[in-house]
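Read through the structure below, which is laid out as structure tokens, and then see the notes.
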Amino acid sequence: MAHLRLLLSHSRCHPHPQRLLPLFRFCSSNSSNSTPPPIKPVSYAPKPQAPADEAPSPEAPRASPDSQDPLPRRFQQQPQNPPRQFARQEMRFVNDAGPAIAPVSYPSRVAPLPEDRPAEEGAGEGAKEADLRGEGERIEREAAWSRRPTFGLQVEEEPVPYPTLIPVVKRPQKVAIDLVDALREIKASANEKKRNFTETVEAHVMLGVDPRRGDQMVRGAITLPHGTGKTVRVAVFAEGPAAEEARAAGADVVGADELIEEIRKGGGKLSFDKCIATPMFMPRLSKIARILGPRGLMPNPKLGSVTNDVSGAVKAAKSGRVDFKIDKTAIVHVGLGKVNFSEESLRENIGAFVNALLLAKPVGLKKTSKYVGYVKKFTLSSTMGPGFSVTIPSLSAAADNYTKVQVS
């Protein structure tokens, strides 16, 4: 039985069966003999006794004979065995088999300090007073140097006033006036200051639309009854009979592909103010779209500049056709005549523009009446003069008067 236990214990420690073969043969050979091997007695060293001064006190309770049994051996704390020594072939399979590295601490270095010198009583206060006295003398010397006479003349210092806060004065908001009064004020301000040129009467209209939305874009064109007072140079892109009609209507520049090449190679120099084209020339104008587009000269079917009726478009452009469009701030800027026009002519031109502005009102603009919510502010001014806000009722009267004249 003892041999069987020895065999089982060795099988747990050495799982390889090749190593157990010699032991198995030894056990089998011994089992054939009937007499077991002799057992040698083992002697252990006596257990050290506690000193007399550490003897247990009489107050400590002693274990009674009828007390509970001690814990089993498997629950008792077993002494720790020394770490096993592994071979070089087994070291790579063990993670913590390497030698333990003890932390190393180095002594902290302290910079050498100057020797302690006992300060004399009152020495610090005297040094501070001396420093303050020397600083005051330096300031007095600098002030005397700045007041020294220059070329024998004594320079007097100008007293500088103490800075004060200046209150912000807000300009009083201008009150809207009647259309006729605004035209009179514009003429008076233009006559006070003589200019080398004839100023233009400009209209600046703030609309209640959102220019970022495509359904609220405001743009259009109108032919003013009395013109703009400017000499308009018109260019027509046509060929054949359409070109002859344009020349007969009074077009300044008429051409086809040669005119397109001239504009493309001209370096941005243009000799016309309006541009009209026939529908067949629109694909060809893509070569100069980058030149005409930023200047607002690109023909547009919505504005009537792309048409087969070339003679009618040229006459309309010569007679004072005005194109208008809102900018990024939802404001329309347009010129409606010269300051040397009569008040009645300017009033009719403004009425025609207001009527065209109402016709261009976007359909997507809701919760507005005819003027309220659409026309927020209408301002008239000259080229270099002040602006005057105009009342909406006076503009409505001028637009209604223009409509009646057109109907009759």
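The values are calculated or read from the model by the stated rules, or taken from the named source; none is laboratory data. Keep in mind the model is a prediction, meaning the values are calculated, not measured. In this analysis, Cβ positions are derived from the backbone assuming ideal geometry, glycine residues included, and neighbour counts consider all displayed protein chains. Accessible surface areas use protein heavy atoms only, side chains included; no ligands, DNA or RNA. Shrake-Rupley method; radii C 1.70, N 1.55, O 1.52, S 1.80 Å.
General observations
- Spin-label model distance (nm) - Thr198 vs Glu258, 7 Å beyond Cα toward Cβ: 3.5
- Förster-model FRET efficiency, 56 Å R0, Lys376 and Val160, C-beta, rounded to 0.05: 0.70
- Fully extending the segment from Lys315 to Ser43 would add 84.1 nm, taking 0.36 nm per residue of separation and subtracting the current Cα-Cα distance.
- For region 324-372, a simple Cβ point-charge model (Lys and Arg +1, Asp and Glu -1, everything else neutral) yields a dipole of about 400 debye relative to the Cα centre.
- Lys366-Arg233 FRET efficiency (beta carbon distance; Förster radius 41 Å; 0.05 resolution): 0.45
- Distance between region 211-286 and region 325-342 - C-alpha centres, whole angstrom: 21
- Pairs from the list Lys187/Lys376; Lys174/Lys338; Lys193/Lys338; Lys193/Lys370; Lys193/Lys361; Lys302/Lys376 with a Cα-Cα gap above 27 Å: Lys193/Lys370; Lys193/Lys361.
- Taking Cβ atoms as reference points and 11 Å as the exclusive limit, the residues near Thr278 contribute a net charge of -2, counting Lys and Arg as +1 and Asp and Glu as -1.
- For region 156-205, the share of accessible area belonging to carbon and sulfur comes to 55 percent (1.4 Å probe, ligands and nucleic acids excluded).
- Gyration tensor (alpha-carbon) shape descriptor, region 150-284, a/c threshold 1.5: prolate
- Accessible area (Å², 1.4 Å probe, nearest 10) - Glu135: 80
- Solvent-accessible surface of region 269-408, taken per residue with a 1.4 Å probe and all protein chains present: 51 Å².
- Interchain or long-range residues, amide H under 5 Å from Val201's placed H: Leu336, Gly337, Lys338, Val339
- Positive dipole terminus of region 142-240, leading residue within Ala144, Pro167, Pro211 (C-beta point charges): Pro211
- Label zone at Thr383 (point 7 Å along Cα-to-Cβ), backbone N below 19 Å, region 307-337: 320-323, 333-337
- Virtual paramagnetic centre 7 Å along Cα→Cβ of Ile177, amide N under 12 Å, in region 329-363: none
- In sequence order, calculated HN-Hα J values of region 253-264 (Karplus, 6.51, -1.76, 1.60; Hz; x Gly/Pro): 10, 10, x, 10, 5, 5, 5, 5, 5, 5, 5, 5
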